[in-house]
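So the structure is just underneath, and the comments pick up after that.
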Amino acid sequence: MTDKTQNAMWGGRFAAGPDAIMEAINASIGFDKRLASQDIEGSRAHAAMLAATGIVDPSEAEAMREGLLTVLSEIEAGKLVFSTALEDIHMNVESRLTEIVGPAAGRLHTARSRNDQVATDFRLWVRDQCDAAEIGLLALMRALVAQAEAGADWVMPGFTHLQTAQPVTWGHHMMAYVEMFARDLSRFRDARKRMNECPLGAAALAGTSFPIDRHMTAEALRFDRPMANSLDAVSDRDFALEFLAASSICATHLSRFAEELVIWSSAQFRFVKLSDRFSTGSSIMPQKRNPDAAELIRAKVARITGALVALLTVMKGLPLAYSKDMQEDKEQVFDAADTLMLALAAMEGMVRDMAANTPALEAAASAGFSTATDLADWLVRELGLPFREAHHVTGSLVALAEQAGIDLPELSLEQMHTVHPGITPAVFDVLGVHNSVASRQSYGGTAPDQVRTQIARWKEILG
């Protein structure tokens, strides 16, 4: 191994090597080693292009391409010892390649810079994470659809302000999250489509005088096209920001559902039982079943949103093109991606395993005057009352029931007549929770047949 002054990428420009503090703050190999497979894939595509355009001898290019595969196998086997003196994954790979194939490895960096190299590597990595997020979301959505199908006609309370509002069905509630996660899925797909342009060949910032074929490398790396502006190519991190933005919204949805699972699994609600696989006990209270997986998902949104804010803050003051600040783009994205994939997998597991307590759901749906809106609608529909008057009559009936310590269906017709004499026995047909949910036949409503229509639609979409 030559000394670090010779290894440093600055070459002959500086007489002295960096001291330990500068080396520590400057090196990124501690985290960007995660880009090893993308770096090698990009370098192999670049080497093939250099040969095809006559810039590098084909035999040298092939030696580099084969040598890069050797480097990758060593990295995957944990045999390659990374050096902070070599700063980053790019130079660690190139240094090992030189040891394998000799001085010809020095030709690999012809017509490119670490600026376009890292932009390409990182874009490839984030693109892979969009694909991983899609897989995780599809699995979660399928689990939710399965829960919805099992309980398309189970009644439960629907809430506003966490107060009982109207009865809904379990299936309807599950399908609400399918719609939310479907929007997340579309955001990752949209972001992936936008990021699928190749920076390689932009070089440091201005392009190159060598007769490269950027379309060839873009195609080899499965990009749709090369990026059209070399300055933009090396300085853009929108792709990472979009990934973090989509991840933050998705994590927010996961957190909202996690919050419901925490509430629902409590002794006060008893709506669901989470499996032992996703619950823990207490070190002192033997009766406890703690929904720790849900609580941790609820907390992890902070890390993901924090990553988005951090990278936005890094990027907001940077002039074109590349600045060393952009080395701080990766750790936050790496952590956010890891966190999101773990949260998606944990939520899928909880959803697949959880068991609804249908008697508790129905009892809660029947409490809290949840059919008051049905009563008001009946007064409008059957007695021709203006809705505001019907609202007032219903409120009076709720107050009457509350004073008597009973629910609306338990009021007698005589009691109702003290508020409005036109009420008929037919009113009791709308006061049951099953009648209530069955009546919500508008598109997207909670009626079981509407829910089953949406389930069928999503089963076809999800395959």
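Miscellaneous remarks
- In this structure, the pairs whose alpha-carbon distance is over 32 Å, taken from Lys316/Lys459; Lys79/Lys316; Lys33/Lys459; Lys33/Lys273; Lys33/Lys300, are Lys316/Lys459; Lys79/Lys316; Lys33/Lys459; Lys33/Lys273.
- Residues Thr98 and Arg277, FRET efficiency given R0 of 51 Å [Cβ-Cβ distance, rounded to 0.05]: 0.55
- Along the axis of the charge dipole computed for the chain (Cβ charges of +1 for Lys and Arg, -1 for Asp and Glu, origin at the Cα centre), the listed residues Ala456, Leu340, Gln327 are led at the positive end by Gln327.
- One compactness figure for the chain is 1.35, namely its Cα radius of gyration divided by 2.2 N^0.38 Å.
- The range 91-144: Cα Rg divided by the 2.2 N^0.38 Å rule of thumb: 1.81
- Theoretical FRET efficiency, 1/(1+(r/R0)^6), r = Cβ-Cβ of Asp19 and Ala367, R0 51 Å, to 0.05: 0.10
- Averaging the sequence gap over all C-alpha pairs within less than 8 Å and six or more residues apart, then dividing by the number of residues, gives the chain a relative contact order of 16 percent.
- Calculated from backbone phi, Karplus (6.51, -1.76, 1.60) coupling profile of the range 414-430 in Hz, x at Gly/Pro: 4, 4, 5, 5, 5, 9, 8, x, x, 5, 10, x, 4, 4, 5, 5, 9
- Using just its DSSP H runs of length 4 or more, each adding -39500 (n - 2.57), the chain gives a mean residue ellipticity at 222 nm of -20000 deg cm²/dmol after division by all residues.
- Note, ³J(HN,Hα) from phi for the range 257-273, Karplus 6.51, -1.76, 1.60, rounded to Hz, x at Gly and Pro: 5, 4, 4, 5, 5, 4, 5, 4, 7, 6, 5, 6, 9, 6, 6, 9, 10
- Per residue value of the accessible surface for the chain (all protein chains in place, 1.4 Å probe), Å²: 46
- For the range 297-306, 3J(HN,Hα) per residue [Karplus equation, 6.51 cos²θ - 1.76 cosθ + 1.60, θ = phi - 60°, Hz, x = Gly/Pro]: 4, 4, 7, 5, 4, 5, 5, 6, 5, x
- Phe210 accessible area, assembled protein chains, probe 1.4 Å, Å²: 90
- For the range 45-106, the equivalent ellipsoid derived from the Cα gyration tensor has semi-axes of 22, 12, 9 Å, listed largest first.
- Centroid-to-centroid separation of the range 340-392 and the range 394-451 [C-alpha atoms, Å]: 14
- Pairwise inverse Cα distances across the range 71-172, averaged and inverted, put the Kirkwood hydrodynamic radius at 18.8 Å.
- The apolar share of the surface of the range 346-420, taken as the fraction of accessible area on carbon and sulfur atoms (1.4 Å probe, ligands and nucleic acids excluded), comes to 53 percent.
- Farthest towards the positive end of the charge dipole of the range 144-286, among the residues Thr169, Cys198, Val262, is the Cα of Val262, using unit charges on the Cβ of Lys, Arg, Asp and Glu.
- Calculated over the range 105-252: convex hull of Cα atoms, volume per residue (Å³): 120
- Principal-axis tilt of helix 114-150 within the chain, Cα atoms, nearest 10 degrees: 20
- Cut-off under 5 Å, modelled amide H: who pairs with Ala165 long-range: Gly158, Phe159, Thr160
- Among Leu296, Trp154, Met64 - extreme Cα towards positive end, dipole of the chain, charges at beta-carbon: Met64
- Accessible-area composition of the range 203-344, carbon plus sulfur, in percent [1.4 Å probe]: 55
- In the range 358-397, Rg over Rh equals 1.14, where Rg is the alpha-carbon radius of gyration and Rh the Kirkwood radius from pairwise Cα distances.
The values are calculated or read from the model by the stated rules, or taken from the named source; none is laboratory data. All values reported here derive from a predicted model rather than from experimental measurement. Heads up, the Cβs are rebuilt from the backbone with ideal geometry, glycines too, and the neighbour counts pull from every protein chain shown. To get the accessible areas, we keep the full protein, side chains included, count just its heavy atoms, and leave off ligands, DNA and RNA. Shrake-Rupley method; radii C 1.70, N 1.55, O 1.52, S 1.80 Å.
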